[in-house]
Amino acid sequence: MHRNDFNAFHSPIGAHSSFTLGCHGNNGGLGLEERKPADQPVYIGVSNEKKDGYTLMPFATMEPSVESLRYVNEGVEPQPVSFDTFKAEDIEREFHLGVDRWKAGGLDFAIFSPVERVPEPTKANRKECKKVLRPSVLAELSFDNRKGKKSRRLFFGYNKVRGSDQMRRIQNIKGVEGIGQGRATAVFTETKGAKAVTNFNLADALENPYEYNEGFALGTTGLLIVDVPAGKKVTMRLAICFFREGIVTTGLDASYLYTRWFKNIEAVGKYTLINFPEIRKAAVACSRLTQSKKLNEAQRFQLIHAIRAYYGSTQLLDVDGEALWVVNEGEYRMMNTFDLTVDQLFYEMKMNPWTVRNVLDMFVDRYSYTDMLHPPGGENIHPGGISFTHDMGKNNHFSAPGRSTYEMMGLKGCFSHMTHEQLVNWILCAAVYANQEEDAAWLKKRMPVFKKCLRSLLNRDAALPEERNGVMGLDSSRTATGAEITTYDSLDASLGQARNNGYMAVKTWAAYLALEQIFREAGLSKKAKTALHQAKRAAATIVSHVFEGEIPALLGEPTESRILPLVEGLVFPHVLGMKKSLSDKGAFGDLIQALRTHTHNVLKPGVCLYENGAWKLSSTADNSWLSKIYLNQFVVREILGVKTSATGEVADKAHMGWLLNDENLRWAWSDQMHSGIAKGSLYYPRGVTSILWLTEKRK
């Protein structure tokens, strides 16, 4: 059994918010548009039976409040109250996709956060949208006092730790008590006998003898309290709510779509409590998604953890009456980073394909551009073509049309442009959407874009047709005197440089195959033939660089690096149903065999394996992304058929161990790891690449 003291996301869909909880000795809390856990003490506890004082779950730092010192010269005598926390060994935790539950000493606390298909607002009715897109999660706090001899005080609450909004007691809904910070976060209950209290600190809130003082408005601590009589069991239902009203973005005016159906946080709380049984039932039922017997326990844990993290970054906005789906990039909060969109594709196509189309359209309509090209060190004199930005903005600010927040000119490393890769990403995402959804109307509308993409891809190979080899050879004018990079921007040049990059070569090969399928099925035989010819060129180029059973990270350039993501692009012809293209006996058999042999040769300790069995994406970089490892694991096992001791449960347990490292626990699911320590891409959504594991045929 793995450790149970990790933070996890508990998030409504499309609200960019999370009630993050679970890391012992650390604060969690209600975070709205945060790049990290809210860092609020969360109080979940009960009074003791045999002595005075209280015992709490270990989710608050319990530092004494000094708020009162701001108002008096000599301070206020604190309440003489003792607080203990349950010992780690006495806490049981059940971690499922829709339910996260802790039990200790008769106390039972469970959070319910359903994972559901996101309804397309233009097609779904008001009732369906309201149910799935309400900005709240549920919780139940119970205490079993049926064998007790005295009444026990049960409570849930949290502290304001920053921001201008004040903690408040909410009593303007009949039969409902609530606590909240301003209009943005709140917790409500309709439990009979429960009361809302605010005060300077936990002790004062629990022990103040005067009812009049229960709403003390200077307090920074809010609690919901219920007394559990001896011989009784009481369950307090909680609606944990988030809300931002009005225009919430800059650069492009947008509000949260949920404000169509809820006018304020009180309306969210009331609706959630009324519909509590139905929402709770959905949370319990959704856990079936991750109960497949195909998964070992380490995989199941990582998949659950990753899906929860994904929803914490989701944002469904209303832009001039039209819905816009945004996935924020974890701690970085960049909006619809295309590098993530292409990897989250497989999850979104399973759950809500319309969001893929929605994002692709936004990239075309606002975040596309046309450039010129240059060879290394040369001038921008060659025609380029259409491509797309790295992202759409950051921190609720939409960047200007045709520009990202990330990319700059004149660089060769981080923050340079990813023009070629984002072009390939649009092609692959659009092809998968069109193929799997059979959306003929959208495909017809966007066919001119597909045509532009083919021309752009051809131009980026070489200026003269006879010099083309199917692989990127020219850099965008957007880099000025610099060079393009890839999504693996913080690795060494083996994966960071785009030009002649082996990883990009295979991904480009996949893009040409996708275009061939699109054009052939549309009756555009000439363009289909051109795309197929380029795919064959790309495959031949890659195979021509095989040396001693391995493919270099940079084709035709000196490098000692050996990389696993060479195989990553194979996932796209796989999901597009191109079985012959992935067959050893097909037109690209030499490429498939070369990639399989390469994988066998590099997936070894000291090369692309750590000693504990965890995967290294590059032999020369101590830096790996879990989301990319999950994707490459799928390709290696399911498509290439490589099933060795390095591809199984040993690796899965090692990767789970990264997430459960002491230094990583408070960040919930994180992506970028240096020797198992999360150094970047914290609090991240991209791990849903692991959804591919559910499609594997292996036992």
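The values are calculated or read from the model by the stated rules, or taken from the named source; none is laboratory data. Source: prediction; values computed, not measured. Cβ coordinates were reconstructed from backbone atoms using ideal geometry, including for glycine residues, and neighbour counts include every protein chain displayed.
Would you confirm, using the coordinates I've provided, whether Val607 is farther than 27 Å from Ala531 by Cβ, more than 25 Å from the chain's Cα centre (by Cα), surrounded by fewer than 19 Cβ atoms within 10 Å (Cβ to Cβ) and among the β-branched types (Val, Ile, Thr)? The answer is yes for Val607.
Report whether or not Leu692 is surrounded by 19 or more Cβ atoms within 10 Å (Cβ to Cβ) and farther than 24 Å from Arg333 by Cα. The answer is yes for Leu692. Does Gly569 satisfy the condition of being touching a residue at least 24 places away in the same chain (Cβ under 8 Å) and either at positive phi or outside the structural domain of Gly680 (by TED's automatic domain parsing) (or both)? Considered against the rule, which asks whether it is touching a residue at least 24 places away in the same chain (Cβ under 8 Å) and either at positive phi or outside the structural domain of Gly680 (by TED's automatic domain parsing) (or both), Gly569 comes out as no.
Every residue, every condition in (1) closer than 30 Å to Glu421 by Cβ; (2) in the same structural domain as Asp100 (by TED's automatic domain parsing); (3) surrounded by 21 or more Cβ atoms within 10 Å (Cβ to Cβ), yes or no:
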{"residue": "His305", "(1), (2), (3)": "yes, no, yes"}
{"residue": "Tyr310", "(1), (2), (3)": "yes, no, yes"}
{"residue": "Asp318", "(1), (2), (3)": "no, no, no"}
{"residue": "Glu331", "(1), (2), (3)": "yes, no, no"}
{"residue": "Met335", "(1), (2), (3)": "yes, no, yes"}
{"residue": "Thr341", "(1), (2), (3)": "yes, no, yes"}
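Residue by residue, here is whether (1) without any contact (Cβ under 8 Å) to a residue 24 or more places away in the chain; (2) closer than 30 Å to Asp318 by Cα; (3) not hydrophobic (A, V, I, L, M, F, W, C) holds:
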position: Phe86; (1), (2), (3): no, no, no
position: Glu94; (1), (2), (3): yes, no, yes
position: Ala104; (1), (2), (3): no, no, no
position: Pro114; (1), (2), (3): no, yes, yes
position: Lys127; (1), (2), (3): yes, yes, yes
position: Val137; (1), (2), (3): no, yes, no
position: Gly148; (1), (2), (3): no, no, yes
position: Arg152; (1), (2), (3): no, no, yes
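Here is a yes/no grid of residues against (1) modelled with pLDDT under 95; (2) farther than 23 Å from Val432 by Cβ; (3) aromatic (Phe, Trp, Tyr):
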{"residue": "Ala463", "(1), (2), (3)": "yes, yes, no"}
{"residue": "Asp475", "(1), (2), (3)": "no, yes, no"}
{"residue": "Leu515", "(1), (2), (3)": "no, no, no"}
{"residue": "Glu521", "(1), (2), (3)": "no, no, no"}
{"residue": "Gln534", "(1), (2), (3)": "no, no, no"}
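Taking the options Arg468, Arg520, Arg460, name whichever one is among the charged types (D, E, K, R), touching a helix residue (DSSP H, G or I) at 6+ places or on another chain (Cβ under 6 Å) and buried (at least 24 other Cβ atoms within 10 Å of the Cβ). One residue alone meets the criteria, Arg460.
This table checks each residue for (1) over 24 Å from the mean Cα position of the chain (by Cα); (2) small (Gly, Ala, Ser); (3) modelled with pLDDT of 95 or more; (4) over 23 Å from Glu379 (Cα atoms).
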position	(1), (2), (3), (4)
Tyr406	no, no, yes, yes
Asn425	no, no, yes, yes
Ala431	no, yes, yes, yes
Gln436	no, no, yes, yes
Lys444	yes, no, yes, yes
Cys453	yes, no, yes, no
Asn459	yes, no, yes, no
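Would you please name the residue that is nearest to Pro114 (Cα to Cα), looking only at residues in segment 163-178 that are touching a residue at least 60 places away in the same chain (Cβ under 8 Å) and not in a strand (DSSP E or B)? This residue is Val176.
Of the numbered criteria (1) over 20 Å from Glu348 (Cα atoms); (2) buried (at least 17 other Cβ atoms within 10 Å of the Cβ); (3) not aromatic (Phe, Trp, Tyr), the one Leu133 fails is (1). Within segment 477-505, if we keep just the residues that are in contact with an Asp or Glu (Cβ under 7 Å, 6 or more places away or on another chain) and within 30 Å of Asp439 (Cβ to Cβ), the residue that is surrounded by the most Cβ atoms within 10 Å (Cβ to Cβ) turns out to be Met504.
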